[in-house]
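This report refers to the structure that appears directly beneath it.
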Amino acid sequence: MAFVITSPCIGEKASDCVTVCPVDCIVEGEDQYFIDPSICIDCGACETACPVEAIFHEDELLDEDKVFLDKAKAFFEQQ
Ligand code: SF4
């Protein structure tokens, strides 16, 4: 399980989440930041820190936001 960064990050990229993540699993992509779901320890610090409320736990994603988990997985597969 992991937290997932969704659409409000696109064009915002505030990066507050990167600063608070204790395991450094948030990486900047071209249009948004991504959380590596294989490293995230579900601490929730990034969810609280995000100024645009873009971050949700995988279990609480809206149906239309589930694509962002797939987008994150694809991003890290390319790394
Ligand atoms: Fe990092 Fe915690 Fe956010 Fe996971 S939930 S990305 S470990 S700050």
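Take residue 52 and decide whether it is more than 8 Å from the ligand (Cβ to nearest atom), of a type in the set (Val, Ile, Thr) and either in a loop (DSSP other than H, G, I, E, B) or within 18 Å of residue 67 (Cβ to Cβ) (or both).
So residue 52 fits the description; yes.
Against the conditions (1) outside any strand (DSSP E or B); (2) under 10 Å from the mean Cα position of the chain (by Cα); (3) touching a residue at least 40 places away in the same chain (Cβ under 8 Å), where does residue 75 fall short? Just the number, please.
Status for residue 75: all satisfied but (2).
Against the definition (buried (at least 16 other Cβ atoms within 10 Å of the Cβ) and near the ligand (Cβ under 10 Å from one of its atoms)), how does residue 68 come out, yes or no? Reasoning before the result, please.
Details: buried (at least 16 other Cβ atoms within 10 Å of the Cβ): yes; near the ligand (Cβ under 10 Å from one of its atoms): no.
Answer is no for this residue.
Out of 59, 70, report the one residue that is without any contact (Cβ under 8 Å) to a residue 12 or more places away in the chain and in a helix (DSSP H, G or I).
Numbers: 59 fails: without any contact (Cβ under 8 Å) to a residue 12 or more places away in the chain.
Going through 59, 70 in turn, just one is without any contact (Cβ under 8 Å) to a residue 12 or more places away in the chain and in a helix (DSSP H, G or I): 70.
Which ones in region 1-49 are part of a strand (DSSP E or B) and surrounded by 13 or more Cβ atoms within 10 Å (Cβ to Cβ)?
Our first condition is that a residue be part of a strand (DSSP E or B); within region 1-49, this holds for 3-5, 26-28, 33-35.
Within region 1-49, 3, 4, 5, 26, 27, 33, 34, 35 qualify.
Only the coordinates and a few stated rules stand behind these numbers; no lab work does. Please read these numbers as outputs of a predicted model, since none were measured by experiment. Glycine also receives a Cβ, built like all others from the backbone with ideal geometry; neighbour counts cover every protein chain displayed.
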